[in-house]
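A short reminder: the numbers here are calculations on the coordinates, not readings from a lab. Worth saying up front: this structure is predicted, and the values here are computed from it rather than measured. Cβ sites come from the backbone with ideal geometry, for glycine too, and all protein chains shown count toward neighbours.
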Amino acid sequence: MSRLTLRLPESLHQQLSHQASQEGVSLNQYIVYALTKQVNQHYFVKPVLPEDMEKQQASFLSLLNNLGIAKSEDIQLALEEREIVAPEDELTPDIMAQFQKKIRANS
């Protein structure tokens, strides 16, 4: 576990102490809880409204229309110029095989 020294305005310190005592936990426990709650808010999947999906789809289709169709020579050149990197440790050979199977199935 890590240690962090933090300077707080006295009023905030008192507010946090009061809330911690209301919850029946230590000030440290309450601060960890509050920070965890704040950080985790950014990791939740939020639903996309149907009208936003329609806007995104229209924007995507417009982009596709503006891109045109690439020649096979251009595609081959882009593939040859790409940087090949090793997969992340979490991407095990089994997971990679599953991805490749799905890609082939959708091609």
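Provide the per-residue ³J(HN,Hα) series for the range 55-70, in order, calculated from phi with Karplus coefficients 6.51, -1.76, 1.60 and θ = phi - 60°, each as a whole number of Hz, with x at glycine and proline positions.
Rounded to whole hertz, the list is 5, 5, 5, 4, 5, 5, 5, 4, 4, 4, 5, 6, 6, x, 10, 7.
By how many degrees, between 0 and 90 and to the nearest 10, does the Cα long axis of helix 93-106 differ from the longest principal axis of the chain?
50 degrees
What's the exposure ranking of Leu27, Leu4, Leu35, going from fewest to most Cβ atoms within 10 Å?
Values: Leu27 14, Leu4 6, Leu35 11.
By the 10 Å Cβ count, ascending, the order reads Leu4, Leu35, Leu27.
Pull out a ≥ b ≥ c, the square roots of the eigenvalues of the alpha-carbon gyration tensor of the chain, then state rounded if a/c is under 1.5, prolate if not and a/b is larger than b/c, and oblate in the remaining case. Let's see the in-between values first.
Details: a/c = 3.17, a/b = 2.17, b/c = 1.46.
Prolate, because a/c is 1.5 or more and a/b exceeds b/c.
Subtract the Cα-Cα distance of Thr92 and Tyr43 from 0.36 nm times their separation in residues, and report this length gain in nm to one decimal.
15.2 nm
Describe numerically, in nm with one decimal, the distance between label points set 7 Å from Cα along Cα→Cβ at Ile84 and at Phe60.
Those two pseudo-labels are separated by 3.0 nm.
So which trypsin sites (Lys or Arg not before Pro) in the chain pass both tests, a DSSP loop state and at most 10 other Cβ atoms within 10 Å of the Cβ?
Qualifying residues, ordered by number: Arg3, Arg7, Lys71, Arg82.
May I ask you to list the lysines whose Cα is less than 18 Å away from that of Lys37, ignoring any residue fewer than eight positions away on the same chain?
Within the straight-line cut-off, Lys37 pairs with Lys46.
Quick one: Karplus J couplings for the range 8-20, per residue in order, coefficients 6.51, -1.76, 1.60, θ = phi - 60°, nearest Hz, x for Gly and Pro?
For the range 8-20, the Karplus curve yields 10, x, 4, 5, 5, 4, 5, 4, 5, 4, 4, 5, 4 Hz.
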